[in-house]
1. Could you tell me how many of the residues in segment 51-62 are closer than 19 Å to I20 by Cβ and without any contact (Cβ under 8 Å) to a residue 24 or more places away in the chain?
2. Can you tell me which of R65, R9 is exposed (fewer than 14 other Cβ atoms within 10 Å of the Cβ), in a helix (DSSP H, G or I) and among the basic types (K, R)?
3. List pairs: first residue in segment 1-28 and within 17 Å of V56 (Cα to Cα) and of a type outside the set (F, W, Y), second residue at pLDDT below 85 and surrounded by 10 or more Cβ atoms within 10 Å (Cβ to Cβ) anywhere in the structure, Cβ distance under 9 angstrom, at least six positions apart or on different chains.
4. Within segment 8-26, is even one residue within 13 Å of the chain's Cα centre (by Cα), acidic (D, E) and modelled with pLDDT of 90 or more?
5. Go through segment 36-47 and give me each residue that's in contact with a helix residue (DSSP H, G or I) (Cβ under 7 Å, 6 or more places away or on another chain) and assigned to a helix (DSSP H, G or I).
Amino acid sequence: MKLLPQQTRVATDDALGMAIEIAVVMALFIGGGFALDRWLGMLPLFMIVGTVLGAVGLFTKHKYRYDEKMDALEAERQGAIAQRRAATAERNPTPRAGSVGEPRG
């Protein structure tokens, strides 16, 4: 008897998830910079620094995520090509010297 339903993992690499992540992280960095500027009575220095750090961090994270996904897809593609070549070689073996159909000379 199951009391709780089985939990499924939600894919967070979809476009909406990434957009929300970008919005929340940028809001936190900008808001944190704004709060520090207000608390210390400075120019919008920390807000600008927070914006730049948040943007660079998000860009770096998404760049590495993209590269990882592309590497996995490339490996999958190379595997499919190798399987296709192996299947073709099994169906159409290359004739050897002296095999049937080769002229004698």
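The values are calculated or read from the model by the stated rules, or taken from the named source; none is laboratory data. Just so it is clear, the structure is predicted and the values come from calculations on it, not from any experiment. Counting neighbours? That spans all protein chains shown, and the Cβs are built from the backbone with ideal geometry, glycine included.
1. Step one: of segment 51-62, the residues closer than 19 Å to I20 by Cβ are 51, 54-55, 57-62.
Filter once more, keeping what is without any contact (Cβ under 8 Å) to a residue 24 or more places away in the chain: 59-61.
The total comes to 3.
2. Numbers: R9 fails: in a helix (DSSP H, G or I).
Within the list R65, R9, the selection yields R65.
3. Taking only residues 6 or more apart or on different chains, the pairs are M18/T12; E21/T12.
4. No, every residue in segment 8-26 fails to be within 13 Å of the chain's Cα centre (by Cα), acidic (D, E) and modelled with pLDDT of 90 or more.
5. Answer for segment 36-47, where residues must be in contact with a helix residue (DSSP H, G or I) (Cβ under 7 Å, 6 or more places away or on another chain) and assigned to a helix (DSSP H, G or I): L36, D37, L45, F46, M47.
Results for (1) within 16 Å of the chain's Cα centre (by Cα); (2) modelled with pLDDT under 95, shown as yes or no for each residue.
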residue	(1), (2)
V52	no, no
T60	yes, no
E68	yes, yes
A72	yes, yes
A80	no, yes
Q83	no, yes
T88	no, yes
